[in-house]
1. Hey, can you tell me all the residues within region 21-64 that are crowded, with 23+ Cβ neighbours inside 10 Å, closer than 19 Å to residue 252 by Cβ and either out of contact with any Asp or Glu (no Cβ under 9 Å at 6 or more places or on another chain) or charged (D, E, K, R) (or both)?
2. Taking region 106-141 on its own, how many of its residues are out of contact with any Ser or Thr (no Cβ under 8 Å at 6 or more places or on another chain) and assigned to a helix (DSSP H, G or I)?
3. I need the full set of residues from region 129-150 which are within 11 Å of residue 83 (Cα to Cα) and either at pLDDT below 90 or of a type in the set (Ser, Thr, Tyr) (or both), in order please.
4. If you take the residues of region 76-103 that are among the small types (Gly, Ala, Ser) and surrounded by 15 or more Cβ atoms within 10 Å (Cβ to Cβ), which of them is farthest from the chain's Cα centre (by Cα)?
5. How many residues does region 1-34 contain that are in contact (Cβ under 8 Å) with a residue 60 or more places away in the chain and in contact with a Lys or Arg (Cβ under 7 Å, 6 or more places away or on another chain)?
6. May I ask you to say which residue of 31, 24 is of a type outside the set (D, E, K, R), within 17 Å of residue 143 (Cβ to Cβ) and part of a helix (DSSP H, G or I)?
7. Checking the structure you have, find out if any residue of region 47-64 is assigned by TED's automatic domain parsing to the domain that holds residue 98, part of a loop (DSSP other than H, G, I, E, B) and basic (Lys, Arg).
8. Identify, by number, the condition in (1) over 24 Å from residue 13 (Cβ atoms); (2) modelled with pLDDT of 80 or more that residue 233 doesn't meet.
Amino acid sequence: MSRVSLQTLIDRSVRNMGAVDSRIRDMAVEIIKRAYKEGINVQISSGLRTHAEQNALYAKGRTAPGNIVTNARAGQSVHNYGLAVDYFLTNHTGTTATWTVNAQWRRVAAIAKSMGFTWGGDWTSFPDAPHLEYTKGLTWRDLQAGKRPSFRNVPAVEKTWLELGDEGAGVKAMQELLNKHGYAVTADGIFGRMTESALRSFQYQNDLTVDGVYGTNTKAVLEEKSTSKPATKPQPKEEEDEMLKQAIVINTFNDYPAAEVLAVRLKAPIYPRAAVKGEVAKELLVVGGNKDGLKADKIIVLAGKGRFDTAEKVQEYVNKL
């Protein structure tokens, strides 16, 4: 099988980072590019973390089930300020995550350190191998007080994708192409939830990575199909006999990173809860939330008290497959 594309790793990572500092995002993309050139597939798993999410993570192993995974309360993690990311490696095809700290893992850390990041794997008191942060010596107390690190000689990275929240002529052009193919979206130049849902549907129908990001691969296929044949309303794939075998439903987009792990393993599409009308698959896996109002022959709920508990339940389920 062919190697996962660089753009796929970037698109997934940008999605998972969320609203980190734009310079951190650009530097993370540069790390992915440099590693890819050396034959290493690296992907970002998380970035910005809210105070509520941090408190939920801190509670694990203390007042909540599980093992202790952090010593940082809300406001005490660099993730809370958009200046940190976590990473992992993938296999050749990008379908399986690897968390083993091997030579390739350490090479990624070395690339990041050469760009000014601090690697959590170097910490002696509480090593955190997936963690990269950019503080230039500032502590969380400094960040809490409003100080920010200097960004000198940060590599410039041209954004080559469109995603939720983007606006402009590029978004409008994409919406118009989606409309040509029967996906009813308003061509207003605003990348909102409905546009993202339509794009996900197009990606699934065309065997693309279903991530809702308008990257290089999705753009090429959408443009090629728009010029090679007339627009048609999207139809279920023939092999599905008009009913998917499996589909994944997310309660909120905060659950998307966890759902993506499941989607890659099962090769199943992800649907926002609001987009599920009627019965869409024989088996539904609900990531976050409950099964109220959903219809399927079989429904499996993978949900915790917060997105980190949910992610843990998803990983436990994947490990049993």
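The values are calculated or read from the model by the stated rules, or taken from the named source; none is laboratory data. Quick caveat, the model's predicted, so the values are computed rather than measured. Note that each Cβ is placed from the backbone with ideal geometry, even for glycine, and that neighbours are counted across all protein chains shown.
1. Matches in region 21-64: 49, 57.
2. 13
3. Scanning region 129-150 gives 134, 135.
4. 77
5. Of the residues in that region, 2 qualify.
6. Only one candidate qualifies: 24.
7. Within region 47-64, one or more residues are assigned by TED's automatic domain parsing to the domain that holds residue 98, part of a loop (DSSP other than H, G, I, E, B) and basic (Lys, Arg).
8. Single failed check for residue 233: (2).
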